[in-house]
Every structure is written in C-alpha cells, then in structure tokens.
Amino acid sequence: MRTKKLLITAALVAGMIIPLSSCSSKASNVITIWVGEESATFYQSVCDEFLKENEDFGYGIKVIGSDSGTAGGAMTDDNTKCGDIITIAHDNIGKLIDKNTILPFVEESLVAQVDADNPQSFKDVIYYENDIGDGKGTQKYLYGVPYISQALFLYYNKSKVTEAQAKTFEGLMAAAKTAGPTVKAFAVHGTDGYNYSFNLLARKADDNSTTLRLYQNFKKANCYAQGDDEVASLKWARRVFNDPNGGLLPTDSSWSTVVKNGGCLSYINGAWRYEEALSAFGGKDNLGITVLPTYVLNESDVEGTEIAEGTVMQAGTFADCKVFCLNSKDASKYNASQKIIKFLSSKAIQLRSFVGCGNVPSYDGCEKDLENLEGVDASLLSLAKAQIGMNKYSIAQPFINGTLNTYYYSKKAPEEYALYITEGTDTRGARETLYKMQYLWQKGKAAPEIPDELPASIE
C-alpha cells in the first residue's frame, strides 16, 4: 500500500493521469460531492451557479447530504461507493492516506489559496510528507481543503441562566439549584475522547497554561497526561458530575428531551447541534450561546497536588476543520474536482454557507467579515463568535495518521475517564487513571501494571 500511494503521488505531480486499482469500472460525467446533510441544498445551489458560469466545465455536479462524522469510515470500507469529493473531519485524513483512498491536491492556484487563507494550526494537519521516490527525498502534499471550522461551546437557557452565570460552571450550578433540587447545570453529548475534551484540554485561566501534551509535534511518544492540573481537573469532573445540580452524563433519554422537560439548563456541543438546540431550548429568544465557562478548583479537587485551592480553569476544546478530500476511485475527474473545490472553499462561498446554513468559516480572520455581514441572524452570529472565541483555548486534533486516531479514541482511554467519574475516589485513583490513559495513547494497549510512584514516565 505504501509503495502504491507514492507512485500515485509522483505521477499526479508530474501531471499524469493513471489508472488506479480502486477506480470505478463505470466512469461518470457527473462529479458527486458529499457534504453534511444540513448543507446539501445550499451547496447544490452554488454548484448550479458555478456550472452556469463555467459552461465548458465538462461535468455535471450532484451534491449529496451525508454524515461527515462517518464518511471516513465509509471510505475505509469501500471508497468506490462514496462521493468523488467527500467531506470529513481533518483527523480522518491520515488513515485515508494509509488506505490509499484519497489523492493529494497539486493544482497550484488551489494550493496557494489554501496557504493564504488558513491559520497555521489547520495547515499543520492537512499537509502530509511523502517520499517522492527515486532517492529524491520527501515533499509535503496537501490532502484536505478546509471550508468549515468547528469547536465546542455552550448553549444555555436564557430564561433561567443569566449572561453572567453562563460564564462559570459555578454560575450554571447556582442557576440549576434555583430551578430545582435535581435540575442539572449542563449536559455533555458523550464521554468519548472528543466530548470530554472540555475537561481534558482545560487550562489555567490566568496564563492559559496546561501541562497536557497530546501527540505534541505529531509524535506518538510525545504525550503527557499526569500533571497536577490534569489530576485536579479530573477530580473536579468527578465531583461536579456527581452533584445533584452539576453535570449530566449521557442517559437513555436524549439531551434535547431532558432540556425540553426542564431537567437541564445548558449543553456543551458545537454548531452541528444548532437546530436541535433551537428546538430544545425554545427558540432564538430563549437560546443563549457563549464560550465554554471557567471553573474553580476547590480544596478536595487539589488535595494531593501542588495546585493552589481557588485556581480558575478555563474549559477547552479541540478546534478543528472539516475538509474536502479527493476520492481516488476515479482519477479522470482529478483536475475538474480541484477546480470546483477551489470555488467551494473560497472565502466568498464560506461566508454564504454561514448565512445559508450556519457553517462557521475556517479561514483566518473570518470573524471580521462575519461582523460586517448584513442581515445575519443574531443567534447565528453569537454562535460564530462563541466558536471563534474558543480558538485561544484549543488545539487542532493532532491525529495525523490512523494509528494516533485509533489509539486516542478506540483503545479505551475514554472509558477510563468515564469510569473514574462514575466510580473513582481519591487522588491516587485519578493519577492511575491518567497514567493508564497516557499509556493507551502511546502504546495502544492497556498498561500491564501501575507504578508505585506516580507520575511516571512511559518509555
């Protein structure tokens, strides 16, 4: 697989079109594009505009609504059944390269547009270095074109939570206590590695610092989860999720049902849940949207650590991009696909996508353009500001290959986190949990034993 990938790359860079083993046997004169279901109507309309203005394009375009969260898996299973252009979260790029199911972008004007428009944090996770063969060394190639950004932020009920209360978890809990003895302050969508990032990626509010290292510089061994700040934050999560007016873990009922029934006042999630949040919280007049709150570590949280009681932590998030990728199934569409992707990922279309379906742009500095848009829904604008406001408390998911992605999400590190919240007890238990999580991140398997002295290095 590695050799074939390199041969494909070298041939395409040289401007050649070659048959691929994964090519469809029935070439089509229609380019199919997978986007999120909520965006399909909008992107079909702008593609229709593109075709009217480019009558010599040579292909029809069909936009299909799909689940961008599962598109990477569909590509891995059988890319011949997927769109010619697909939308995925950037952390899936590496594993699709490993499977030889996507092609690099080499059209010069498209690559230049990507380089000019995007923040460095996104460029760090969409370029991959390949050996170009024949002893000529390596070169970085672009494999994903950003056009939507995403991050966690807070939806809240403005009829029961004030703007000031929404700034802190303590404020949310006070509002919940006023609302009822068992009303929850906030809900999370899951205890997977993405949704618990609000706690894992938290940092000290006064200096924006954290001891956490998660595949820093994209190195598998460069992880560290055992710092005292992480210990105290994990203990905070245990305390708050077990408080009658604290956090709500996923239940048999959907979060929206609990919210509608008055059982929870806020919800940590992203822009892709906007329509659900509107319904759950009772419409735009009742829906507040803001950056994730801060929380204060109390005496029990910091016991056994060198973190000071009263330390204020700012909840964090992964700040990611959704990208267009080129399916390798039909190389005959290679050049035309890059042309339409350049159009769809342009700043102008990204802004129109925000107005049309709430997709927050990915390009650097978009917040200034959003503020200057006329006729923008105020609720949507607050969503964009909240998401962009989380950028300073975030990292892009650093899973540049399938191994890192799998080790982080699928080797039971999230289960260790959830287990401590529901059954954990003391500081030693928190340290053991974080050691086991770090071991899984680095090794992809359970730690055979826990050292007596923690924190401990993992070689």
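The values are calculated or read from the model by the stated rules, or taken from the named source; none is laboratory data. All values reported here derive from a predicted model rather than from experimental measurement. We place every Cβ from the backbone using ideal geometry, glycine too, and count neighbours over all the protein chains shown.
Details
- Taking the range 51-73 as the range and being farther than 20 Å from D192 by Cα and of a type in the set (A, V, I, L, M, F, W, C) as the test, the residues that pass are L51, F57, I61, V63, I64.
- Every pair of residues 6+ apart whose Cβ atoms lie under 6 Å, when the first sits in the range 369-383 and is more than 12 Å from L351 (Cβ to Cβ) while the second is modelled with pLDDT of 90 or more and outside any helix (DSSP H, G or I): S379/K284; S382/I289; L383/I289
- Restricting attention to the range 290-322, the residues that are of a type in the set (A, V, I, L, M, F, W, C) and either closer than 11 Å to A151 by Cα or modelled with pLDDT under 95 (or both) add up to 5.
- Checking each residue of the range 302-313 against the condition of being surrounded by fewer than 19 Cβ atoms within 10 Å (Cβ to Cβ), over 26 Å from K392 (Cβ atoms) and of a type in the set (D, E, K, R) gives at least one match.
- Just so you know, in the range 284-310 the residues that are within 26 Å of the chain's Cα centre (by Cα) and in a loop (DSSP other than H, G, I, E, B) include one that is farthest from R238 (Cα to Cα), and it is K284.
- Identity of the residue in the range 314-332, part of a loop (DSSP other than H, G, I, E, B) and among the charged types (D, E, K, R), that ends up surrounded by the most Cβ atoms within 10 Å (Cβ to Cβ): K329
- Selection from the range 229-269 of residues that are of a type in the set (V, I, T) and touching a residue at least 24 places away in the same chain (Cβ under 8 Å): V231, V240, V258, V259, I268
- Restricting attention to the range 13-56, the residues that are at pLDDT 50 or above and either farther than 13 Å from K333 by Cα or surrounded by 15 or more Cβ atoms within 10 Å (Cβ to Cβ) (or both) total 26.
- Selection count where residues are of a type outside the set (A, V, I, L, M, F, W, C) and part of a loop (DSSP other than H, G, I, E, B), scope the range 338-379: 13
- Contacts under 9 angstrom Cβ, first residue in the range 281-293 being of a type in the set (S, T, Y), partner in a strand (DSSP E or B) and at pLDDT 95 or above, 6 or more apart: T290/F153; T290/L154; T290/Y155; T290/Y156
Quick grid of which residues meet (1) surrounded by fewer than 22 Cβ atoms within 10 Å (Cβ to Cβ); (2) modelled with pLDDT under 95; (3) of a type in the set (S, T, N, Q):
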residue: E170; (1), (2), (3): yes, no, no
residue: M173; (1), (2), (3): no, no, no
residue: K184; (1), (2), (3): no, no, no
residue: A187; (1), (2), (3): no, no, no
residue: F198; (1), (2), (3): no, no, no
residue: A202; (1), (2), (3): no, no, no
residue: S209; (1), (2), (3): yes, no, yes
